[in-house]
Amino acid sequence: MRNKMAIKLGTVGAIMALVGTGVPVIAHQVQVVGEVGGTLHIEPNDNPRAGVPSLAWFALTRQGGELIPLEACNCQLFVYAQPYRSGEAPVQVPALEPVSAEGYENVPGAEITFPQVGAYELVLQGEPHTTKGFEPFELRFNVTVAAGQSTALPTSPSTDALDTPDSSPIATPSESEAASDRVPWFVWVILLVILAIALPLVLARARKK
């Protein structure tokens, strides 16, 4: 019971310390270990999605509200899938880079792409670069990853349609003119029939004269 009370008081103390620095405080996950407190931010909107890169960064403070930049901390970040099994390797060990956001300067951050939907745990371990710094710490944050937004790929035209040339023959101008000059066969048939009928009539009239 005393441990739970100490954690609650430590969390409140860390939030009050952040308020004292004049840095805007948003409802993010806060963990406190010893004299070090950390607040987890995940962009965008603390709503990570599977398969979509998310920026996770940690606002670290010492007791009293002093910020801990990445340059002062030998930090490592481990991403574990939940439920965790003893001896299981982390899903990712992303490299930490300095991030400046929401009034914080050069705090530890990393880009994480969660592979699947589900629960994960982010474990941030750190120790000071100098012996006069803060005590070594390990902060653990639980993260729930939602389904990613599937983006429909634009349909591309078929390569066969693009690569295969039109096999239908193209008439040259001379061939087109020759085709237009040709008289259809049925016209010749009609002319022959008319000639066959008219010729006897012409001959008969000529005999009467």
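The values are calculated or read from the model by the stated rules, or taken from the named source; none is laboratory data. The shown structure was predicted, so the numbers you read here are calculated from the model rather than taken from an experiment. Glycine also receives a Cβ, built like all others from the backbone with ideal geometry; neighbour counts cover every protein chain displayed.
Worth a mention:
- Looking across segment 51-85 at every residue that is small (Gly, Ala, Ser) and surrounded by 16 or more Cβ atoms within 10 Å (Cβ to Cβ), the one that is modelled with the lowest pLDDT is identified as Gly65.
- Segment 49-77 residues that are in a helix (DSSP H, G or I), paired with ones that are at pLDDT 95 or above (beta carbon under 6 Å, 6 or more apart): Leu70/Pro98; Leu70/Asn106; Leu70/Pro108
- Counting only residues that are part of a strand (DSSP E or B) and surrounded by fewer than 19 Cβ atoms within 10 Å (Cβ to Cβ), segment 36-48 holds 1 of them.
- Residue check, Ala110 hydrophobic (A, V, I, L, M, F, W, C) and out of contact with any Phe, Trp or Tyr (no Cβ under 8 Å at 6 or more places or on another chain): no
- Residue in segment 12-22 that is assigned to a strand (DSSP E or B), modelled with pLDDT under 95, more than 34 Å from the chain's Cα centre (by Cα) and not acidic (Asp, Glu) present: no
- Selection from segment 93-108 of residues that are under 16 Å from Phe141 (Cβ atoms) and either of a type in the set (D, E, K, R) or buried (at least 17 other Cβ atoms within 10 Å of the Cβ) (or both): Pro94, Leu96, Val99, Val107, Pro108
- Scanning segment 78-114 for residues that are free of Cβ contacts under 8 Å to residues at least 60 places away in the same chain, of a type in the set (Val, Ile, Thr), outside any strand (DSSP E or B) and under 16 Å from Val145 (Cβ atoms) yields one hit, Val91.
- Top-ranked residue of segment 80-122 - restricted to ones that are among the β-branched types (Val, Ile, Thr) and closer than 21 Å to Gly37 by Cβ, ranked as farthest from the chain's Cα centre (by Cα): Val107
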